[in-house]
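The values are calculated or read from the model by the stated rules, or taken from the named source; none is laboratory data. Everything numeric in this text was worked out from a predicted model, so none of it was measured. Neighbour counts run over all protein chains shown; Cβ positions are idealised from the backbone, glycine included.
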Amino acid sequence: MRYRTLGGLKVSAVGLGAMPLSIEGRPDEKRALATVHAALDAGVTLLDTADSYHLPGAEPGHNERLLARALATYGGDTSGVLVATKGGRGRPAGGDWTVNGSPRHLKAAAEASRERLGVEAIGLYQLHKPDPEVPFEESVGALRELLDAGTIRLAGVSNADAGRIRRAREILGEKLVSVQNRYSPAVRDSEPELRLCAELGLAFLPWSPLGGLARSSLDGPSRTEGRERLAAFHEVAEARGVSPQQVGLAWLLARSPAVVPIPGASRPETARDSAAAADLLLTKEEQARLDEAAEPVRV
């Protein structure tokens, strides 16, 4: 496993997005715990969750409690594991995602997350999404209060544009350590935010980093899901004897030293496969070929 820096901490170059372990189609708890343990065995030290990762209208915080159990039952050392959670979204009955960025809600949500995770302070707490009904500065101000109170140690923002990232930096200073936006071979709208993160020394955590590639090559023959231009990822994978997902994650890592992808997994095999991407180094020729194949950046 190779490592990268997040807020002065050393974290695995590839993290684990735990969302699939708690939403629709989730595995049973035995397999879910085995998936987290497999990631830890592979050297993963960044686990990403949120209080809203649960079935619609049921069991708020399910994913956070699951990660707490996974860490408690793991047989190895977990002292270097960073759990990153998020607040500001909800999943009421019906399945729609809601947004609530009010300071009162965020402070209560962070305290509830802290209790579910069973920690004295949350390692990394992120505003899940800007609330159009609440001034962004007020939401980020709540993170500042949580930092000052010792409820959280580090802060991040998610689904934020460059302007909001700069405003968050003004409010949080060096305690703002990460930005979690959607970014993948198929979706590159956050290219300006990635560049800004590299400029400011922030970690950029792409969510849904395998967009456009097959869900898992372990499920059968690889496919491009209607995006023939991404066939190069599958061709490089075949030549290397690895999965297209590994190639996609290796491509993301080569984009910038700020990138720490957090691919989801719901099986131990998938978690191990994604973690192995940290050690897959692309040649310059492969990187150029994949850059050309990826979705063009639209400014």
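Observations on the structure shown:
- Residues of the range 21-51 that are over 22 Å from D77 (Cβ atoms) and surrounded by fewer than 21 Cβ atoms within 10 Å (Cβ to Cβ): I23, E24, G25, R26, P27, D28, E29, K30, R31.
- Any hit, the range 98-105, residues being under 19 Å from the mean Cα position of the chain (by Cα) and either modelled with pLDDT under 95 or closer than 21 Å to V177 by Cα (or both): no
- Residues being surrounded by fewer than 24 Cβ atoms within 10 Å (Cβ to Cβ) and in a loop (DSSP other than H, G, I, E, B) - total across the range 1-20: 4
- Of the residues A70, A109, the single one that is of a type in the set (G, A, S) and touching a Gly at 6+ places or on another chain (Cβ under 6 Å) is A109.
- Residue within the range 273-288 that is in contact with a helix residue (DSSP H, G or I) (Cβ under 9 Å, 6 or more places away or on another chain) and within 14 Å of Y183 (Cα to Cα) present: no
- Condition check for D41: under 28 Å from L280 (Cβ atoms) and either out of contact with any helix residue (DSSP H, G or I) (no Cβ under 6 Å at 6 or more places or on another chain) or without any contact (Cβ under 8 Å) to a residue 24 or more places away in the chain (or both): yes
- Of all residues in the range 144-167 being under 19 Å from the mean Cα position of the chain (by Cα) and among the aliphatic types (A, V, I, L, M), the one that is nearest to V119 (Cα to Cα): I152
- Subset of the range 68-97 (residues that are closer than 18 Å to A38 by Cβ, among the polar types (S, T, N, Q) and within 21 Å of the chain's Cα centre (by Cα)): T78
- Residue within the range 167-187 that is surrounded by fewer than 21 Cβ atoms within 10 Å (Cβ to Cβ), under 25 Å from A42 (Cβ atoms) and not β-branched (V, I, T) present: yes
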